[in-house]
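Enquirer: What follows is a single structure, and I will ask about it in a moment.
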Amino acid sequence: MFEFDPERHYPKETESRVVIRFQDCDPLQHLNNAKYFDYFFNAREDQVPKLYGVEMIDFIRKYKAAWVIYNHNISYIRPAKVGEWVRIMSRVVWHDHQTVLVEYYMTDDSKEELKTLMWTTMRYVAMADGKSTPHAGAVADFLNAVTDPIDFGQITIKERIREIKQQLAK
């Protein structure tokens, strides 16, 4: 069961190394656009328990609430190809009292070429009635500890792509 530890260092970013599978690719041997979602979500689901010591089901059981996705903004920059090893990074880049924005991005294995960037917006809802509920107590503390903020209200996804490309070039 999740317990927030204010003395613990919680990394801001998750990272996974995965291979692009043949069955997930189109006839051009590019990762199918819909499959990027699976790769991103699976990578984060694998890394969150390792880095933070929590399974999402623990949050749901303890707080009787869950995050529900209501928006994706995805940009396909360079194709991921069958058999290619890639890196998938994710992090919470913004949150307020009931909403979370998770940023996912994929690079080549050497982290030199940006392939895809996705922002996923989620609302925190009570399990009992499905209505929005505030992040409270340890959930709010956890989000504050893991968020790597960007000025979400002032940046477009195109500008964010440019920023990440510049970071990768360094």
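Enquirer: Quick one: among Y36, Y104, Y70, which has the greatest mean-square fluctuation in a GNM of the chain with alpha-carbon springs under 10 angstrom?
Expert: Between Y36, Y104, Y70, it is Y70 that shows the largest mean-square fluctuation.
Enquirer: Work out the length of the dipole vector of the chain about its Cα centre, built from +1 on the beta-carbon of each Lys and Arg and -1 on the beta-carbon of each Asp and Glu, and round it to the nearest 20 debye.
Expert: That gives the chain a dipole magnitude of about 300 debye.
Enquirer: Suppose the Debye formula is applied to equal point scatterers at every Cα of the chain; what is log10 I(q)/I(0) at q = 0.08, 0.12, 0.15 Å⁻¹?
Expert: -0.26, -0.58, -0.88
Enquirer: Would you mind getting me the FRET efficiency between M56 and K170? Use the beta-carbon distance for r and R0 = 45 Å, nearest 0.05.
Expert: Numbers: r = 33 Å, r/R0 = 0.73.
It comes to 0.85.
Enquirer: While we're here: If the chain between K12 and E163 were fully stretched, how many nm would it gain, using 0.36 nm times the residue separation less the Cα-Cα distance? Walk me through the numbers before you get to the answer.
Expert: Working: separation 151, 0.36 × 151 = 54.36 nm, distance 1.73 nm.
Between K12 and E163, full extension yields an extra 52.6 nm.
Enquirer: Return W85, W94 ranked ascending by Cβ neighbour count within 10 Å, so the fewest neighbours appear first.
Expert: Numbers: W85 12, W94 19.
Result, fewest neighbours first: W85, W94.
Enquirer: For T99, T156, which order do you get if you count the other beta carbons within 10 Å of each Cβ and list the fewest first?
Expert: Neighbour counts put them in this order, fewest first: T156, T99.
Enquirer: When the scattering of the range 130-170 is computed by the Debye formula from its Cα atoms alone, each counted once and equally, what is log10 I(q)/I(0) at q = 0.19, 0.23, 0.32, 0.34 Å⁻¹?
Expert: -0.76, -0.84, -1.02, -1.06
Enquirer: Also, quick follow-up: Find out how many positive minus negative residues lie around K165, taking Lys and Arg as positive, Asp and Glu as negative, among other residues whose Cβ is under 13 Å from that of K165.
Expert: Around K165, the charge tally is +2.
Enquirer: For the residue pair E112 and D26, what label-to-label distance in nm results when each label sits 7 Å from Cα along the Cα-to-beta-carbon direction?
Expert: A separation of 2.7 nm, rounded to one decimal place.
Enquirer: What ranking of H9, H135 emerges when the number of other C-beta atoms within 10 Å of each C-beta is taken as an exposure proxy, fewest first?
Expert: By the 10 Å Cβ count, ascending, the order reads H9, H135.
Computed from the coordinates by the stated procedures, all read-outs in this text should not be read as laboratory data. For clarity, every value in this text was computed on a predicted model and none was experimentally measured. When we count neighbours, we look across all protein chains shown, and the Cβ atoms used for this are built from the backbone with ideal geometry, even at glycine.
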